[in-house]
Amino acid sequence: MEQAELTVAGIRSPIMRGGEAPSRQAIVFVHGNPGSSKDWISLLREVQTLSRAIAPDMPGFGQADKPGDFDYSVAGYARHLDMLLVAEGIERVHLVLTILVVFGASNGRRNTLEGSPA
């Protein structure tokens, strides 16, 4: 397991990485509010033997940048996570979420009911 920093859209985020880096598939751990990538250390150590795994600090949390002009909404975080995954070369994701799942599930259900992609 390694700790590194990644800058996406000008926002610096510490990131913990484990497993096989060349893989385009990963288990992605996203902390809740409040939280940080360190919330996932124990799980990351366990799953890195099975799969590539990452855990970033999301903007405004942990040691990540806290820019005043960041969109601190569910949509803003989703866009940031998408850019982070592209930067890491990850195409297939197995998400492990904490409190953010409540918002994501609600939005996904609404989008599905409205006929748009979740």
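The values are calculated or read from the model by the stated rules, or taken from the named source; none is laboratory data. All values derive from a computational prediction rather than experimental measurement. Reconstructed Cβ throughout: ideal geometry from the backbone, glycine too, with neighbour counts over all protein chains shown.
Couple of notes before you dig in:
- Verdict on residue 11 being out of contact with any strand residue (DSSP E or B) (no Cβ under 6 Å at 6 or more places or on another chain), surrounded by 16 or more Cβ atoms within 10 Å (Cβ to Cβ) and β-branched (Val, Ile, Thr): yes
- Among the residues of segment 45-59, those that are crowded, with 16+ Cβ neighbours inside 10 Å and over 13 Å from the mean Cα position of the chain (by Cα) comprise 47, 48, 52.
- Candidates are the residues of segment 79-107 that are modelled with pLDDT of 90 or more and small (Gly, Ala, Ser); the one that is nearest to residue 26 (Cα to Cα) is 89.
- Exactly one residue among 71, 57 is closer than 15 Å to residue 30 by Cα and among the acidic types (Asp, Glu), and that residue is 57.
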